[in-house]
1. Using a 10 Å cut-off around each Cβ of peptide A:148-155, what is the average number of partner chain Cβ atoms that fall inside?
2. Expressed as a whole number of Å, what is the distance separating the alpha-carbon centroids of the range B:112-161 and the range A:92-130?
3. Give me, ordered by chain and number, the residues 5 or more places off A:Trp163 or on other chains with an amide H under 5 Å from its own placed amide H.
4. Per residue of B:14-20, count partner chain C-beta atoms within 10 Å of its C-beta, then hand back the mean as an integer.
5. Need one word for the range A:83-140: rounded, prolate or oblate. Basis is the Cα gyration tensor (sqrt eigenvalues a ≥ b ≥ c); a/c below 1.5 gives rounded, then a/b vs b/c decides.
6. Roughly what would the spin-label model give for A:Arg18 and A:Gln4, points 7 Å off Cα along C-beta, in nm?
7. For the range B:101-171, what does the alpha-carbon gyration tensor say about shape, rounded, prolate or oblate, given a ≥ b ≥ c as the root eigenvalues, a/c under 1.5 as rounded, and a/b over b/c as prolate?
8. Can you check what the net charge comes to around A:Gln168, using other residues whose Cβ is under 13 Å from the Cβ of A:Gln168 (Lys, Arg +1; Asp, Glu -1)?
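Bear in mind that the values in this text are calculations on the coordinates, not laboratory data. What you are looking at is a predicted structure, and each value in this text was computed from that prediction instead of being measured. Glycine also receives a Cβ, built like all others from the backbone with ideal geometry; neighbour counts cover every protein chain displayed.
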Amino acid sequence: MKKQDLHNHIRDYYLAQRPSPRFTHDLKTGIEKEAGRGRSGGRQRLRQIPRSVPVAALVACSAILTLSLAWWHGFLSGGRQPTPTLAQSIAAEVAMNHRKHLAPDYPGASIPELNRLMDKLDFKLQVTGRFADRALQLSGARYCSIQGQLAVQFQFRTPSGGWCTLYQTPASGRLTNIDGTQLTANGLRIHFWTENGLFMAFAETNT
Amino acid sequence: MSGQRRNLPDDLEDLLHRGFRYALSLTHDKSRAEGLLQDGCERLLKAGSDWHAGYLFKTIRNRWIDLGRREGLLGWESLDKPGDASIIYSENFLARDAESVVADRDEMKRLLGRLEPGEREMLYLFAVEEWTAREIAALTETSRNTVLSRIHRTRAKLRSHIHAMNRRAIG
């Protein structure tokens, strides 16, 4: 650890941050190509550049709500469905976030530490005993949203080397309607339940 | 070669890295920073603007505010706090404020994550881009004094986090 002026610490940190080389290369190439076409080229097409990771997590969470009917064709549901549309919509969000497997904002932190670090939350994260027999290892957490409501995604490693995600957000009226629902969405088994005032969703790849 | 191509800087990659870092100061998330940077570049292309850091940062900032409003999740807190107007700050005041502290890069990431986006943004522009308070005020559409007081407060906040962290490490 270095002792230096705070400004130098901030500089050191930010100057070490770069976008992925592939992202930079593709973006630069796209800009040069589009700029070379001039304004008559019509709508810019940088959208076609593959990003190392998709758009902002919050935007992506909301974009899931516009999933196409084609996706729903492959949607197989199971368990009880008191409000199928809401359950399926949330399952789609959860499945999408699970598959993105974005790096946690707070890697390696315990739940008490996360409660301290994630100071944008207006609720306390909780340990659930639901998977006590699974020996899941918490690898980190990140901010997310469910139905536009601030939520947290926990990422766990399984003993077999796989991974699963747990979501927590305050249990509002609508969310409590799907307490106990289980669905299969986009190849993932999704469980919903409420516990100590929190709505929880759990996703893992079917094995 | 078109007029637009002539606007591209020779060091486009360096500008993209700066745009990414600025976006990172807002989002504190690499993937979201890449998304913001790409959005900003698209808007510059569409507008036919010059490829200067100031334009790029402004488009990134506007996009970030749009996203925050749309999602209703990310507030943009007021920069002014009671009492700011009664204190006149200067860059010299901040220079005297320079106290050495101990922290490594991972700790800095964690500590910066505890700040508001607007706080990180001002620290980034001041400490990394070396913008003046007046330049930051123009970008953020606030007063120079507000910028200086905000930087002063944010540095104090960050320093107290670092001292608390170091005390925990020693204890």
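1. Mean partner shielding for this stretch: 1.
2. Measuring centre to centre over Cα atoms gives 28 Å.
3. Result for A:Trp163 returns A:Thr158, A:Thr205.
4. 4
5. It is prolate, given that a/c is not under 1.5 and a/b is the larger ratio.
6. Those two pseudo-labels are separated by 1.8 nm.
7. prolate
8. Net charge in that neighbourhood comes out at +1.
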